[in-house]
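Asker: Before anything else, here's the structure in question.
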Amino acid sequence: MSTVDIELRKVRKVYFKDRLEIPVLEGLDLTIAAGEFVVLMGPSGSGKSTLLHLIGGLDSATGGSVRVGDAHLEKMSERERTAWRSRHVGFIFQMYHLVPVLTAAQNVELPLLLFSMSSSQRKERVRTALEVVGLSDRADHRPNQLSGGQEQRVAIARAIVTDPDVILADEPTGDLDAKTSEEILELLNLLNSEFGKTILMVTHDPRAASHGQRTVHLDKGVLDREELNPARPRGAAAMVS
Amino acid sequence: MTLTYVLMQNLRRNTLRVVLTAVAFALPMAVFVAAISFVVALAQISADMEKELRLGVHHKTTLTNPLPAGMRSKIEALDPDRRRIAAVCGMRWFGGRVPDTQNTLTSIAGDPDTFPLVYSDVGMTAQDIEAWQRDRRACVVGRNPVDTYGWKQGDRVTLVSTVPPYLQLEFNIVKIVENRERANFFWFRRDYLVESMKDAGVDDARCNIFWIKCKSAEGLRTLQQDIDALFANSPDETKSEDENAFVANFTQAMGNIPGLMQTMAMVVVVIVALVAGNAMMMSFRERTRELAVFKAIGFQSGRVFLIVLSESIMLAMGGALLGVVPAAVLLWLLPIRLTGIGPMIALEVTRLGVIGSMAIALCVGVVAGLWPAFQAMRLQTTDALRKVA
Ligand SMILES: Nc1ncnc2c1ncn2[C@@H]1O[C@H](COP(=O)(O)OP(=O)(O)O)[C@@H](O)[C@H]1O
Ligand SMILES: [Mg+2]
């Protein structure tokens, strides 16, 4: 079980719109220990998604450094970041974004098409991933035959099927009712505690936040405060850092 | 599962739109294949005829304006040593059809002595020639009428002329021509026609055209000039053309249909490209986010470009196949070839037509998919994903 830490130093992100500079992140520092489950909160438009995308290598920072495990993202090209992402990062989105014409199993298999792997190996991986999210019996269903919660489980299976080190979840329960949200959050907890995934999750929901070990608050371009969740003590690795 | 499978599934996303787009491809492609086949068939005939070194002499103004039969000996006199001329055959249009049918056969009366020489490509054996010369009612028939009316060698057949004096004549089939370029023809002896007309009270031995078999291409060219010079300023001014030019003229007489068809096909292809381009753009817009997820998962931009482009190409090729295959089958089944548009005998789907239309479909697919594919490649994953909330 490889665990990976994340370190952001003096990260700046400036968007340009009509030649106007729109600063979103202004010298942000963040350290996430290997195997930690961190919740990111903040007002709408504060740059939470931006931060997630920077860590996942979907976008590059205007300044500062972003390190995920051994990967120094600020030194990598877009191509390199994309290749790296396919092996090390799993994204989960609010709207699941499944391919409607593919079955649950096929959706989960999609990221594996980038791996040189026999089809039986791929099938095995897909089976395991669906088992972890508890959807083995829905493998051949299409997204429109699944509930929102089930769709999000498929999306989670798709995110973990490549066995990434880091899971980045952008409001994964934003579209779900309380009970289903709870199940999804339990699932993320399981991935963190049993499989050692380092998780960064964006949420607006304080109850959702209570599933993380630590909550950081983003406002006006920096993390202005953080609180530990006493109910969920940090793992040993996190204590050391 | 393979990426190709994913692509195929994508086409099922909006079945109605895919079907409509495919049909928008299919129809013009069918027309296109037919048009190309038509043009190719004509070109093929021209190419085959060029080898035959035949020179056609007809009235300067039109083919329907007959020339006196005596012209044959005047033409022959131009080359007493027979260095340039192999044989001259006077021909008269009969325009006959089988009683109670509609299709006029390319039925023509020719000089009995020289016909086998001038039409050497008909491939008459010594035996055939003997039969042809022995029997005044002999006729030589191409494959199409034979197949249509179930004739065979030795049969006695009847044709009614569609031109005055509307003779009804009986013939004996002495040879069936296998040469495909000659599949529509029905030749018989001009002496038989002249006598029958005389019996009907019409004394007219004139010819519509004299075909001259030449001994060399050089001889053909000089003869062409000499003949037209000989009859210049006479009441029967002539125009001599090699067979190729003759076919080209014939084509022109049809109002340049091949050219028209080609232009039409091109216009339609452009329209199809626009239709397909629009469909591809819509299908791309509908799933920018999904494509963004492909990128988030780790698909490189180039690969996403290819995914969108491939989908467009698959749609185009599929649509084209949908048109080409039925067109091929239809042309093969329908007896268009039997209507005999002049020298046109076999209108069938050529390999060039099929390959050409598929190549065009490929191009249209690429053109239609290029812009959406480019957009997909440039897609800012972060922006596309953010628009959700
Ligand atoms: N491509 C862009 N161009 C200009 N501004 C952008 C762009 N993308 C995001 N922004 C701005 O950056 C800010 C942060 O966006 P985002 O990270 O999506 O916020 P959050 O996820 O916290 O709601 C917002 O004010 C948004 O308008
Ligand atoms: Mg956001």
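Asker: Kindly establish whether A:L51 is assigned to a strand (DSSP E or B), touching a Leu at 6+ places or on another chain (Cβ under 9 Å) and not small (G, A, S).
Answerer: Against the criterion (assigned to a strand (DSSP E or B), touching a Leu at 6+ places or on another chain (Cβ under 9 Å) and not small (G, A, S)), A:L51 does not qualify.
Asker: OK, next. Looking at (1) within 12 Å of another protein chain (Cβ to nearest Cβ); (2) within 14 Å of ligand 1 (Cβ to nearest atom), find the lone condition where A:E78 falls short.
Answerer: (2)
Asker: Report, ordered by the first and then the second residue, all pairs with beta carbons closer than 6 Å, sequence separation of six or more or different chains, a first member in the range B:360-389 that is within 12 Å of B:R287 (Cα to Cα), and a second member that is open to solvent by less than 50 Å² (accessible area, probe 1.4 Å) and of a type in the set (S, T, Y).
Answerer: Going by the 6 Å Cβ cut-off, the qualifying pairs are B:A384/B:T288.
Asker: Okay, next question. All but one of (1) closer than 27 Å to B:T381 by Cβ; (2) modelled with pLDDT of 95 or more hold for A:A209; state the number of the condition that does not hold.
Answerer: It is condition (2) that A:A209 fails.
Asker: Taking the criterion of being part of a helix (DSSP H, G or I), more than 16 Å from ligand 1 (Cβ to nearest atom) and of a type in the set (S, T, N, Q), would at least one residue in the range A:157-164 satisfy it?
Answerer: no
Asker: Within the range A:166-175, identify whether any single residue is surrounded by fewer than 23 Cβ atoms within 10 Å (Cβ to Cβ) and away from ligand 1 (no atom under 16 Å from the Cβ), and answer yes or no.
Answerer: no
Asker: Of all the residues that make up the range B:1-28, how many are more than 14 Å from chain A (Cβ to nearest Cβ) and at pLDDT 80 or above?
Answerer: Within the range B:1-28, residues that are more than 14 Å from chain A (Cβ to nearest Cβ) and at pLDDT 80 or above number 10.
Asker: Given the residues A:E36, A:E74, A:E21, which is the only one that is away from ligand 2 (no atom under 16 Å from the Cβ), of a type outside the set (A, V, I, L, M, F, W, C) and surrounded by 22 or more Cβ atoms within 10 Å (Cβ to Cβ)?
Answerer: Just one listed residue meets the conditions, A:E36.
So that you can scan it fast, the table gives a plain yes or no per residue for (1) over 19 Å from the mean Cα position of the chain (by Cα); (2) at pLDDT 95 or above; (3) more than 9 Å from chain B (Cβ to nearest Cβ):
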{"position": "A:T31", "(1), (2), (3)": "no, yes, yes"}
{"position": "A:W84", "(1), (2), (3)": "no, yes, no"}
{"position": "A:Q94", "(1), (2), (3)": "no, no, no"}
{"position": "A:A104", "(1), (2), (3)": "yes, yes, yes"}
{"position": "A:E109", "(1), (2), (3)": "no, yes, no"}
{"position": "A:R125", "(1), (2), (3)": "yes, yes, yes"}
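Asker: Within the range B:50-86, how many residues turn out to be open to solvent by 20 Å² or more (accessible area, probe 1.4 Å), in contact (Cβ under 8 Å) with a residue 60 or more places away in the chain and of a type in the set (G, A, S)?
Answerer: Residues in the range B:50-86 being open to solvent by 20 Å² or more (accessible area, probe 1.4 Å), in contact (Cβ under 8 Å) with a residue 60 or more places away in the chain and of a type in the set (G, A, S): 2 in total.
Asker: In the set A:R12, A:R79, which member is closer than 29 Å to A:N229 by Cα and either open to solvent by 70 Å² or more (accessible area, probe 1.4 Å) or over 13 Å from the mean Cα position of the chain (by Cα) (or both)?
Answerer: After applying the criteria, what remains is A:R12.
Asker: When the range B:106-154 is examined, which residues are found to be over 26 Å from B:V57 (Cβ atoms) and among the β-branched types (V, I, T)?
Answerer: B:T125, B:V146, B:T148
Asker: Return the total of residues in the range A:194-204 being touching a residue at least 12 places away in the same chain (Cβ under 8 Å) and either more than 20 Å from A:S44 (Cβ to Cβ) or surrounded by fewer than 16 Cβ atoms within 10 Å (Cβ to Cβ) (or both).
Answerer: Of the residues in that region, 6 qualify.
Asker: Still on this model: Here is a list of conditions, (1) more than 28 Å from A:S116 (Cβ to Cβ); (2) open to solvent by 10 Å² or more (accessible area, probe 1.4 Å); (3) away from every other protein chain (no Cβ under 14 Å), and A:L185 meets all of them except one; can you say which number that is?
Answerer: (2)
Asker: State all residues of the range A:40-67 that are more than 9 Å from ligand 1 (Cβ to nearest atom), open to solvent by 30 Å² or more (accessible area, probe 1.4 Å) and small (G, A, S); if no residue qualifies, say none.
Answerer: Those that are more than 9 Å from ligand 1 (Cβ to nearest atom), open to solvent by 30 Å² or more (accessible area, probe 1.4 Å) and small (G, A, S): A:S60, A:A61, A:G64, A:S65.
The values are calculated or read from the model by the stated rules, or taken from the named source; none is laboratory data. Model, not experiment: these values are computed from the prediction. Neighbour counts run over all protein chains shown; Cβ positions are idealised from the backbone, glycine included. Please note that ligands, DNA and RNA were not included when accessible areas were found on the heavy atoms of the full protein model with its side chains. Shrake-Rupley method; radii C 1.70, N 1.55, O 1.52, S 1.80 Å.
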